[in-house]
């Protein structure tokens, strides 16, 4: 069977599965719709959190990014996993005890302020929206490359599926489809990795394989030593040593960690479990499920980089295998024979380099490069779609609950019935899907930039406000609001300046303390903390009943 | 539960979280970034140690940290009789009740 038939088969089967699950888990109440009834098992929630968290970017782009960054790629790996330690130790159990539906609800109640609630609604919607556009775009790209339908059709199919189960089932439908999506995506990610690891090193475990010796066909010797040697010879710098400045790597890692812990679509997953203890356990499971992919990604990065350099460097253009021309057609690989010798020079020096490779190739084309069977190649498409759709659904739910619960029920229209609230929630998802779909079809050029934005802003606004709200009972409304505003403004200004106003100045010598815009969220977090603590000292303590709330969320179990 | 009892529970909780976060900082920012170049002088198999900590070891460490936290908190909850089995039961009953 051809790759395309396999792809249709896998996509058809997986989408059918999601629809069946959606029909089976219809939401009857707002409690079902917002927190899946609040009785999700920790393992199930852990798996759903993992799928919620791992987006099209984790699945498609991350291994490729690492293969170009070498050791510095660690800021994605540690940043996007280390944040779960913060989430498990500092946020999840306490927010579960607090027991509301949304992050703005916590901010609004804890800081006894309608404007803090609305500010949080605004941040949650902006952050989630930026993120969801990227997912829709990812889904469109996968459809167009693997099924050769145009991007518009691809995005519309994706929208229809997400719309169906998110509107019908809310958090309940999303939770159980995310479990199925996790299984699909992790299977699709691991199978090619295991095949390649076996082929290149004889070790079936990719995590060990990339520290093993190459098989004789590949020339023997440790894989990483070979990779270092090849990279140095071609002028790319040593793979296993850092190329960026230490402080920049440090700050980017921290910004991604704080951002991870502050992202609303991840936090709300912990409202769905029955107890504080279950929230702790499910954070543990979530990280286990995430770590499976995140420890495999650097292995794929090393395998595919070695493979690519071995295959293309100084090879004859006319003798390139089939995948090379296929991906050349999509524009993800471009070859420009500068010295007209008919051979490919793939080197670090921009003046003589003749090959540009899009980083997404490392996962998407990896099975073809390694000449794996057709069904393995097709699997990648189903996995990438599972990753994109599961994250999109979680984000759409944040947008919908922020509007129906925090904006309508808690602010503008407190007298609506539960049924009306549910209708608002469904209408909000419907609108959000349409707008996200529009941006998926006509992607604004700034999507890639704004994802860095989403993390930086979540880090600089939500993370400190929530942590202070739990760990510092004296923290008051004035402090928290001032902190969030200054952290948000500082981070947004720095990113906008270097990404949009003067991108030509975005080099290490112009950055403050050598911190790139990706890492500035860490500074934003500190600004937020300092401002919040300073303002809090000079303003009155929060009312007694709010301090009671804080003391209550610190204790697990039932005693008021 | 009395206030002093609650306060000492909270202090014990902070001690656990504080200790684990120090280890968290050490394995990620310490071994994976600040000390990585030094650790690269050592090897395990084909990996340089600093590189391995940055791309593998730290992640395994994070997983272990969360499970240690779960265990420690379970112990603490039992010690302070804050077991949540009862809590979960009460919550389940509440979920059964018709909501208005």
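All of the numbers you see were taken from the coordinates with simple rules; none came from a lab. Keep in mind that this is a model prediction, so the values were computed, not measured. A quick note on method: Cβ atoms are made from the backbone with ideal geometry, for glycine too, and the neighbour counts reach across all protein chains shown.
Residue ranges A:39-49, A:152-162, A:16-26 sort as A:39-49, A:152-162, A:16-26 when ordered by packing (mean number of other C-beta atoms within 10 Å per residue, highest first).
For chain A, the longest principal axis of the C-alpha atoms and the axis of helix A:246-262 are separated by about 50°. In chain A, the longest principal axis of the Cα atoms and the axis of helix A:42-53 are about 60 degrees apart.
Taking only the C-alpha atoms of region B:8-59, Rg followed by Dmax gives 14.4, 48 Å. Note: relative contact order over region A:3-553, using C-alpha pairs below 8 Å and six or more positions apart, is 28 percent. Here chain A is treated as a sphere whose radius is the Kirkwood value from Cα pairs; by Stokes-Einstein at 10 °C and 1.306 mPa s it diffuses with a coefficient of 65 µm²/s. Translational diffusion of region A:220-297, estimated by Stokes-Einstein from the Kirkwood radius over alpha carbon pairs at 25 °C in a medium of 0.890 mPa s, is 152 µm² per second. Beyond 21 Å, what share of the Cα-Cα pairs of region B:3-95 is found? Please give it as a whole percent. Every Cα pair in region B:3-95 considered, those over 21 Å come to 52 percent. For helix A:520-537, report the angle its Cα long axis makes with the longest principal axis of the Cα atoms of chain A; keep it between 0 and 90° and round to the nearest 10°. Once rounded, one gets 20 degrees. Residue ranges A:266-275, A:121-130 sort as A:266-275, A:121-130 when ordered by packing (mean number of other C-beta atoms within 10 Å per residue, highest first). Taken along its three principal axes, the alpha carbon spread of region A:62-172 comes to 53, 42, 25 Å, from the longest extent down to the shortest.
The alpha carbon centroids of region A:478-536 and region A:69-124 are separated by 18 Å.
In region A:320-363, the alpha-carbon atoms span a convex hull of 79 Å³ per residue.
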